[in-house]
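Remarks on the structure that follows.
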Amino acid sequence: MSKAIKKEEFTIPVFSVDEKDMSILKLLQHNARITVKEISSVIHLSTTPVHERIKRMEQAGVIKQYATLVDHTKVKKSLMVICYVSLRQHNKTAGAKFIKLIQNLNEVIECYNISGEFDFMLKVMAENMDAYYDFHVNKLSQEENVGHVQSVFVMGVIKQTHVLVH
């Protein structure tokens with residue numbers, strides 16, 4: 001199922017996901033703790049091929065990781081903020097420095113490089129407004145290349161999912 005496409009001087013592996021793989025992914029998305037035996041009974045394959053398919057998808061990067069989803073309100077992270085950030089300079093070094101900063105800020109749980117008026121969109125979780133203010137003033141805005149930050153405070157979550165396979 002894996003093929004390789006030659007592109008210039010490097011090889012990009014192509015991974016093909018079939019219907020059985022999609023069924024496995026669907027089950028794992030809803031319950032990452034489901035056993036191979038349980039998956040086998042649902043998709044009508046024996047345990048060995050199911051286990052091999054899961055390992056192959058892990059090795060190919062189709063399955064990136066297994067995670068526990070935590071209710072942010074129960075771990076003192078009740079303030080969710082979307083931050084739009086524009087940089088003053090737009091060169092490789094400046095961008096890399098900003099990305100390194102973001103990787104080290106625990107308050108930032110997601111970061112996207114975006115197009116439009118801003119360069120990045122951050123999803124930030126904080127205990128309260130004081131904690132967010134400290135993050136904004138003493139961490140994010142201290143980066144010399146940060147030009148403009150616009151904060152949007154999330155008032156309620158309507159839909160939040162990690163399910164990609166239906």
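Worth pointing out:
- Given (1) out of contact with any Leu (no Cβ under 6 Å at 6 or more places or on another chain); (2) modelled with pLDDT under 95; (3) more than 30 Å from Ile24 (Cβ to Cβ), number of the condition Leu140 does not satisfy: (2)
- Test: residue in the range 33-47 that is surrounded by fewer than 17 Cβ atoms within 10 Å (Cβ to Cβ) and within 19 Å of Leu164 (Cα to Cα): yes
- A count restricted to the range 143-154 and to residues that are at pLDDT below 95 and polar (S, T, N, Q) stands at 1.
- Answer from Val157, Val146 - the residue that is over 17 Å from the mean Cα position of the chain (by Cα), closer than 12 Å to Ser86 by Cβ and of a type in the set (A, V, I, L, M): Val146
- Residue in the range 115-129 that is surrounded by 13 or more Cβ atoms within 10 Å (Cβ to Cβ) and polar (S, T, N, Q) present: no
- Residues in the range 90-114 that are surrounded by 13 or more Cβ atoms within 10 Å (Cβ to Cβ) and among the small types (Gly, Ala, Ser): Ala94, Gly95.
The values are calculated or read from the model by the stated rules, or taken from the named source; none is laboratory data. Source: prediction; values computed, not measured. Note that each Cβ is placed from the backbone with ideal geometry, even for glycine, and that neighbours are counted across all protein chains shown.
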